[in-house]
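Single-structure report; data block below.
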Amino acid sequence: MRPLRRILFVLALLSAPCVAFAQQSAATPKPPAGFAGSASCVDCHKQEVAEFSATDKGKLVLSHPRNSHEALGCESCHGPSKQHVESGAEERGGLIVFGGKHPSPIAERNATCLACHEKTARMMWQGSAHESRNVACSDCHTLMHAESERANLKKPTVLATCASCHAQEANKQTRFSHMPLGQGKLECTSCHNPHGSPAPKLLLASSTNETCFTCHADKRGPFLWQHAPVVENCANCHDPHGSSHEKMLILSRPRLCQQCHQSSGHPIAPRNPKAINDFQFVFNRQCSNCHFNIHGSNDPSGYAFTR
Amino acid sequence: MRSRAFYTVLYCGVGSVTAMSSREGLAQAKAAVTAKTTADTSTAHAAVAIPDTVPETVPGPVTAAAEIGVRAFSGALTPQQLGKFEEYRDLRSGMLLQQLLLGYAPADGFRWYQLTASNIGLLDQTVALRAKQPGLFDVQLHWDRIPHTFSTDGRSLLTEASPGVYTLPVPRPDTAAFNRAPFIGPIRSVWDPVKLAVAVTPSEAWDFKAEYTRIGKSGDRPMGQAFGGSNNHASEILEPIDQTVDNLKVSQSYAEQRFQLVATYDLSVFQNNIKSVASDNPLVTTSTATGGSSQARTSLAPSNLAHTAIVVGGLNLPLRTRITGSAALSWWRQNDAFIPATSNTAITDPRIAQEPKSLGGSATTDNMSASISSRPLSFLTFAGRFRSYSFADHATTSIVPLIVLNDRSVAPADTARRDPFSRRNADFSGTWQLIEPVSLTAGYAWEQIQRDSLVRNVVRTNERTPRMSLDFTGIQWVTLRASYSKGWRRGGAYTQTATSENPNAQRFDEADRNLERTDIMASATPIDPLTISGTWQVGHDLYPHSLYGVLSDRSAAAGADVSYTLTNRVSAGAGLMRETFVDVMRVQYRTGVQLNNPTYSWVGNNTDLVTSASADLKVTVIPDRLEAGGTYEMSRARYAMATTNPIVPIGGTAAQNTSATAFDLPQVTQNLQPIDVYVRYQFTRDWAFTARYHGELYTQNDYKTLGLNPATATSATNMYLFLANNYQNYDARYFTISFSYHPQLLRIGRSTI
């Protein structure tokens, strides 16, 4: 079977369930016990409802619910409000509160979100690094108004959202050598899944290298001549968040290379920047003046990565 | 720190021209909702009438937005100064169609279609098409050009005769002629990622996603090409880039309350249309068997592909227990034809004909994981996780019958070693919620890496890292997160894989290591308008059993941010962060018979210092009429590679002693300071005029590239040809003025503009 046909076959196979299940509208005739209905919310929370109704989520639960849960409107997330309403807002009752001075416990808030969203990218939330540090969904997301272009973030961009806690990583975007996150061409989520993943560092792919190969597939090989630390982990030499050194290296050459290359011969001389014989080791691309194919060479004579 | 997006010219004004007035649009939206409510009584309690407080700017079904402006420089930069200034962007002067939005949202706007574009016609333009119905489908087509300018001041006499073939005149130019070489213009690559993503949710249980991304890469970037041997010279040329990366990813997920499953298939195809690059030898015009080749040729990245299949499942059990598992298998293929072992036609060794034609490259990775998380009591959470990752290389070719060293000498057969390895991780933690906002976590992580003894010195390492963390969260006015971890990595016996290796040297990724990390992050809002946050991170990696190699790595970072809302018209913020990294390494210069001369040791002390600061201010002079503000950022870095000999080198020849004598490498400094000030005047609620001033100061002092000549002869037979390129300093000042028309609330989602 030709590759294109194989791909189409796989696509057809995977999309079959989509065809099989039409979108359902499972509305409930009236609010269940304990629920007051969203109309009650508008009386006091006009501005909030107004802003929420303009968001995708608002349109979904307030006007186009797909099932009985979404048909609860505001209460689909905030829980039953009847007691709250009937007490004239004196009592919280069973309400789940995501912000303000006295929010509900984080586990309770997160469970509310996961009740619908514990699937696809969020399947591994429980037990993840963020969950174990008591991070709430509402620490990063807000549904009540559209602050970000997508993902209902609390801040305009993913970078700004992550920077709330990961200041040092975000700060590396200002270094001499960095990827274009500040220009909006990439996002933290281009590489990481903050909701948990089977890989270390919440990476999207199975390993650091496989994450990098998503764009830098030229480094994937396999090559005839492999460079062992490259095969194992790009982060052995690079800091993908940014660096003061060229090529986002963790240390400038030749010192970077000399950390490992202690074989007799030219790799291990300390190098004098004023000595003409050390010129090629110290200036410009330093070790890579000659060892260009340091990520691996597919040249029969490329054993030293110079070809 | 505060927002890092200071490179981007952020335009607060959003232009929008609607097909009907805002009030009409609002009326229509309300009518639609009311109609829906009336018609479907079954959802009467869900459909909520939009309150009267909805801003009057909800547009009608058709929305068009644009921002048009002019950019002008005060004192233009020279073309050679544009390298860093335009590293990832295109900031030319003249008319600008900076932002564009076209939207269509029929009926009540539940389903919408949108075209957005920015920086239209420029090298960094973005165009996106999107169609969405929340809860049912989301289709996106996104084209985002990414330029990467490496420099604009390179000089060379090389002529590109055909893609990837660089020639020099005969007779070869001398050093002086090379140093008169003309500028060759921007050295730049451009990526053109185009992504089509389809997400369909036909029911609450099923999700289908398909993504196809094609990244076209073009342009060139600097590369080094060695000629080697006794004439140990090299030339810096341009690597021509004509590549594509095609990624297709399809996934299907099924979810119900108790059980969730996602299956994903990912195909990645890399195609390099230029397989090698060749350039003329600046010192040799006639190839000889031992004197070198008149032309060197270097292979470029071979085309390859990878298939990856991933299955992830989750199961919810009683006692708030959840089990997840995943399996990912990947298969990589690479079988590009090898280029000939040498470009030197004077070398006629018959073994050249016996060279294998291609690698028959095949590698597999597998990643298996299982995790369990349980919260049997409301204040107690346990989590455990195991992961196994392995990389196996199944290349059919490993023995290379002949290697031609730098096109001038022949070495015997060699084996191209493969590098299989595996990595296993386990992690266990328990979290005790002391009182509602305070939780204490104790954890233990283990990592084992297994490597091949033919390639690496240490076959197996085990690292064990206990950790503690304290999190004070869940109340609005204060957050405190603190963690401490201390780990130990220990390896087995050291195996020397080559006689030239220093048996006392340990590579940093295999060596015994003691690790220590402390992170503290705090944020407080003592009074409503004031928020103060701080971060403090300290790390220390000590390599206790390494005589040579990396001895220690230390890092420290401390930062603070303050934001203050003076009144509802004035807000300001400021941030400061200082980071330090210190890497200490010891190396023994080993040469000739001086393999174990203790006085030939030297110590490298590599220090990075980075200071970043920011400030911002926003003032609403006249509400809904006149606003002003600005941001200032500063990033200053300095790194030094100090080098010393603990003992004065003695014992060898004078030349050897000199080579063993340590010298500091010169200090490198970098400094970037952008400032952005704007004034916006709103004629009406929607129409606005914005004037901005942008200033950006960049200075660097990097001995590696600063002041290099295109040609440097180190002896009669050694010459180094460089592009002599460098990110030049600049002090850019430019103005933009723009007109926009922006509704405060766009029905079809918030745009990026």
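Brief remarks on what is shown
- Qualifying residue in region A:146-159 (condition: touching a strand residue (DSSP E or B) at 6+ places or on another chain (Cβ under 7 Å) and crowded, with 20+ Cβ neighbours inside 10 Å): no
- Check on A:ASP278, among the acidic types (Asp, Glu), more than 17 Å from B:ASN606 (Cβ to Cβ) and either at the interface with chain B (Cβ under 7 Å from one of its Cβ atoms) or in contact with a Ser or Thr (Cβ under 6 Å, 6 or more places away or on another chain) (or both): no
- Among the conditions (1) touching a residue at least 40 places away in the same chain (Cβ under 8 Å); (2) touching a Leu at 6+ places or on another chain (Cβ under 9 Å); (3) within 14 Å of chain A (Cβ to nearest Cβ); (4) of a type in the set (Val, Ile, Thr), B:THR611 misses just one, which is (1).
- Selected residue [surrounded by 22 or more Cβ atoms within 10 Å (Cβ to Cβ) and in contact (Cβ under 8 Å) with a residue 60 or more places away in the chain] from A:MET179, A:MET123: A:MET123
- Here is the figure for region A:240-265: residues that are of a type outside the set (S, T, N, Q) and in contact with a Lys or Arg (Cβ under 7 Å, 6 or more places away or on another chain) total 4.
- Hey, B:VAL277 more than 21 Å from the chain's Cα centre (by Cα), aliphatic (A, V, I, L, M) and either surrounded by 21 or more Cβ atoms within 10 Å (Cβ to Cβ) or modelled with pLDDT under 95 (or both) or not: yes
- Candidate set: region B:90-109, residues that are surrounded by 21 or more Cβ atoms within 10 Å (Cβ to Cβ) and either assigned to a loop (DSSP other than H, G, I, E, B) or of a type in the set (Phe, Trp, Tyr) (or both); chosen: the one modelled with the lowest pLDDT: B:ASP108
- Among the criteria (1) within 30 Å of A:ALA111 (Cβ to Cβ); (2) modelled with pLDDT of 95 or more; (3) charged (D, E, K, R), the one B:ASP366 does not fulfil is (1).
- Options B:GLY185, B:GLY224, B:GLY219: the member that is away from chain A (no Cβ under 13 Å), within 25 Å of B:VAL277 (Cβ to Cβ) and either modelled with pLDDT of 95 or more or touching a His at 6+ places or on another chain (Cβ under 9 Å) (or both): B:GLY219
- The condition (being modelled with pLDDT of 95 or more, under 14 Å from the mean Cα position of the chain (by Cα) and closer than 24 Å to B:ALA263 by Cβ) is satisfied by just one residue among A:ASN209, A:ASN193: A:ASN193.
- Some residue of region B:543-566 being part of a loop (DSSP other than H, G, I, E, B), within 12 Å of another protein chain (Cβ to nearest Cβ), surrounded by fewer than 20 Cβ atoms within 10 Å (Cβ to Cβ) and free of Cβ contacts under 8 Å to residues at least 24 places away in the same chain: no
- Of all residues in region A:246-264, those satisfying the criterion of being in a loop (DSSP other than H, G, I, E, B) and within 7 Å of another protein chain (Cβ to nearest Cβ) are A:LEU251, A:SER252, A:GLN259, A:CYS260, A:GLN262, A:SER263, A:SER264.
- Residue in region A:225-237 that is free of Cβ contacts under 8 Å to residues at least 60 places away in the same chain, part of a loop (DSSP other than H, G, I, E, B), over 21 Å from the mean Cα position of the chain (by Cα) and under 26 Å from B:GLN506 (Cα atoms) present: yes
- Per-region count, region B:585-634, residues outside any loop (DSSP other than H, G, I, E, B), buried (at least 19 other Cβ atoms within 10 Å of the Cβ) and among the basic types (Lys, Arg): 1
- Restricting attention to region B:116-138, the residues that are in a strand (DSSP E or B), more than 13 Å from every other protein chain (Cβ to nearest Cβ) and surrounded by fewer than 17 Cβ atoms within 10 Å (Cβ to Cβ) total 1.
- Counting only residues that are at the interface with another protein chain (Cβ under 9 Å from one of its Cβ atoms) and under 14 Å from the mean Cα position of the chain (by Cα), region A:126-142 holds 1 of them.
- Residue within region B:331-343 that is surrounded by fewer than 17 Cβ atoms within 10 Å (Cβ to Cβ) and hydrophobic (A, V, I, L, M, F, W, C) present: yes
- Filtered residue count, region A:53-77, keeping only those that are within 19 Å of A:PHE35 (Cα to Cα) and in a helix (DSSP H, G or I): 11
- Failed item in (1) in contact with an Asp or Glu (Cβ under 6 Å, 6 or more places away or on another chain); (2) among the hydrophobic types (A, V, I, L, M, F, W, C); (3) surrounded by fewer than 18 Cβ atoms within 10 Å (Cβ to Cβ), with B:MET223 passing the rest: (3)
- Inside region A:158-190, residues that are part of a loop (DSSP other than H, G, I, E, B), within 7 Å of another protein chain (Cβ to nearest Cβ) and under 12 Å from the mean Cα position of the chain (by Cα) make up a count of 0.
- Tabulated pairs, region A:37-51, first more than 7 Å from chain B (Cβ to nearest Cβ), second of a type in the set (D, E, K, R) and surrounded by fewer than 20 Cβ atoms within 10 Å (Cβ to Cβ), C-beta under 9 angstrom, 6+ apart or interchain: A:SER40/A:LYS82; A:CYS41/A:GLU48
- Verdict on B:LEU547 being farther than 29 Å from B:THR643 by Cα and among the hydrophobic types (A, V, I, L, M, F, W, C): no
- Subset of region B:614-652 [of a type in the set (Ser, Thr, Tyr) and either in contact (Cβ under 8 Å) with a residue 60 or more places away in the chain or closer than 30 Å to B:TYR693 by Cβ (or both)]: B:SER614, B:THR620, B:THR631, B:TYR632, B:SER635
- Failed criterion for B:SER409 (all others in (1) within 38 Å of the chain's Cα centre (by Cα); (2) modelled with pLDDT under 90 hold): (1)
- Scan region B:381-433 for residues that are in contact with a Phe, Trp or Tyr (Cβ under 7 Å, 6 or more places away or on another chain), part of a loop (DSSP other than H, G, I, E, B) and more than 8 Å from every other protein chain (Cβ to nearest Cβ) and the total you get is 1.
- Residue in region B:701-720 that is more than 10 Å from chain A (Cβ to nearest Cβ), modelled with pLDDT of 95 or more, in a strand (DSSP E or B) and closer than 30 Å to B:VAL70 by Cα present: no
- Test: residue in region B:437-452 that is among the hydrophobic types (A, V, I, L, M, F, W, C), over 34 Å from the mean Cα position of the chain (by Cα), within 25 Å of A:GLN126 (Cβ to Cβ) and assigned to a strand (DSSP E or B): yes
- Scanning region B:288-324 for residues that are closer than 24 Å to B:TYR166 by Cβ, aliphatic (A, V, I, L, M) and more than 10 Å from chain A (Cβ to nearest Cβ) yields a single hit, B:ALA289.
The values are calculated or read from the model by the stated rules, or taken from the named source; none is laboratory data. None of the values given here were measured: they were computed from a predicted structure. A quick note on method: Cβ atoms are made from the backbone with ideal geometry, for glycine too, and the neighbour counts reach across all protein chains shown.
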